[in-house]
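The values are calculated or read from the model by the stated rules, or taken from the named source; none is laboratory data. In this text the structure is predicted, and so the values were computed from the model without any measurement. Glycine gets a Cβ as well: all are built from the backbone with ideal geometry, and neighbour counts include every protein chain shown.
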Amino acid sequence: MTHSSTPEQELLELLGEQDEITVATAESCTGGNVAGRITRVGGSSAYMQGGIVSYSNDAKANLLGVPRSILENPGAVSAECARAMAEGARKALDATFAVSTTGIAGPSGGTDRKPVGLVYIAVSGPNGTEVEEHIFAGDRAQVIDGATQRAMEMLVHHIRENRPT
């Protein structure tokens, strides 16, 4: 990635001419910011299928098909939930690739095991799903911004490495 290029511009460069590849988002802690970043670039309608902001556990289960057993243990803030969210968004929105975010943006809600700033990000595509765990420092806005940026970077990287030829 060049310093003047943003992940959303890179997505346009990767996918703008390839209408057979589509993307979708499933967001909890980022509240739609990833979808917003994707769609603020002109031309994104060629590949952006849609996004689901699944803030509640019921939305995660009902809209994305996240198993209730995952939501109960290990919980909504987990690698397993992020994986299920991304895979569920791919299916629900009929997309080639999907990115998901779930975490604790703060300022409250953290525990010793799951501190404020803990975010799981997953990208699912035809060749599988990759999940990363991050702890973003700062206030609520900084956690959301950091998670949004990393989700965009992961999506671009995953598409570049796994796009169908």
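Going through Thr96, Thr39, Thr102 one at a time, which residue ends up being within 26 Å of Thr22 (Cβ to Cβ) and in contact with a Cys (Cβ under 7 Å, 6 or more places away or on another chain)?
Numbers: Thr96 fails: in contact with a Cys (Cβ under 7 Å, 6 or more places away or on another chain); Thr39 fails: in contact with a Cys (Cβ under 7 Å, 6 or more places away or on another chain).
Residue meeting the stated conditions: Thr102.
What residue, of Thr102, Thr96, is touching a Pro at 6+ places or on another chain (Cβ under 7 Å) and under 28 Å from Leu15 (Cβ atoms)?
Thr96
Would you point out the residue of the range 40-73, among those that are touching a residue at least 24 places away in the same chain (Cβ under 8 Å) and assigned to a helix (DSSP H, G or I), that is surrounded by the fewest Cβ atoms within 10 Å (Cβ to Cβ)?
Ala46
Among the residues of the range 105-120, are any assigned to a loop (DSSP other than H, G, I, E, B), touching a residue at least 12 places away in the same chain (Cβ under 8 Å), of a type in the set (D, E, K, R) and out of contact with any Asp or Glu (no Cβ under 6 Å at 6 or more places or on another chain)?
yes
Considering only the range 130-160, state which residues are charged (D, E, K, R) and in a helix (DSSP H, G or I).
Hits for the range 130-160 are Arg140, Asp145, Arg150, Glu153, Arg160.
In the range 74-88, which residues are part of a helix (DSSP H, G or I) and either over 12 Å from the mean Cα position of the chain (by Cα) or over 17 Å from Val143 (Cα atoms) (or both)? Spell out how you get there, then give the answer.
The first filter runs over the range 74-88 and keeps only residues part of a helix (DSSP H, G or I), leaving 74-75, 79-88.
Answer for the range 74-88, where residues must be part of a helix (DSSP H, G or I) and either over 12 Å from the mean Cα position of the chain (by Cα) or over 17 Å from Val143 (Cα atoms) (or both): Pro74, Gly75, Ala79, Glu80, Cys81, Arg83, Ala84, Met85, Ala86, Glu87, Gly88.
State all residues of the range 89-115 that are touching a Phe, Trp or Tyr at 6+ places or on another chain (Cβ under 9 Å) and either within 23 Å of Val143 (Cα to Cα) or exposed (fewer than 14 other Cβ atoms within 10 Å of the Cβ) (or both); if no residue qualifies, say none.
Ser100, Thr101, Thr102, Gly103, Ala105
I want to confirm something. Restricting to the range 11-23 and keeping residues that are touching a Ser or Thr at 6+ places or on another chain (Cβ under 9 Å) and either surrounded by 22 or more Cβ atoms within 10 Å (Cβ to Cβ) or at pLDDT below 90 (or both), which single residue is nearest to Gly75 (Cα to Cα)? Explain how you work it out, then say what you get.
Initially, the range 11-23 is screened for residues touching a Ser or Thr at 6+ places or on another chain (Cβ under 9 Å), giving 11-13, 15-16, 20-23.
Subsequent filtering for residues that are either surrounded by 22 or more Cβ atoms within 10 Å (Cβ to Cβ) or at pLDDT below 90 (or both) retains 11-13, 15-16, 20, 23.
On the way: Leu11: 31, Leu12: 34, Glu13: 36, Leu15: 34, Gly16: 37, Glu20: 34, Val23: 26 Å.
This residue is Val23.
List pairs: first residue in the range 74-92 and under 11 Å from Tyr120 (Cα atoms), second residue in a loop (DSSP other than H, G, I, E, B) and polar (S, T, N, Q) anywhere in the structure, Cβ distance under 8 angstrom, at least six positions apart or on different chains.
Ala76/Ser28; Met85/Ser28; Met85/Ser54
Taking the conditions exactly as written (free of Cβ contacts under 8 Å to residues at least 24 places away in the same chain and surrounded by 15 or more Cβ atoms within 10 Å (Cβ to Cβ)), does Val34 satisfy them or not?
So Val34 fails the test.
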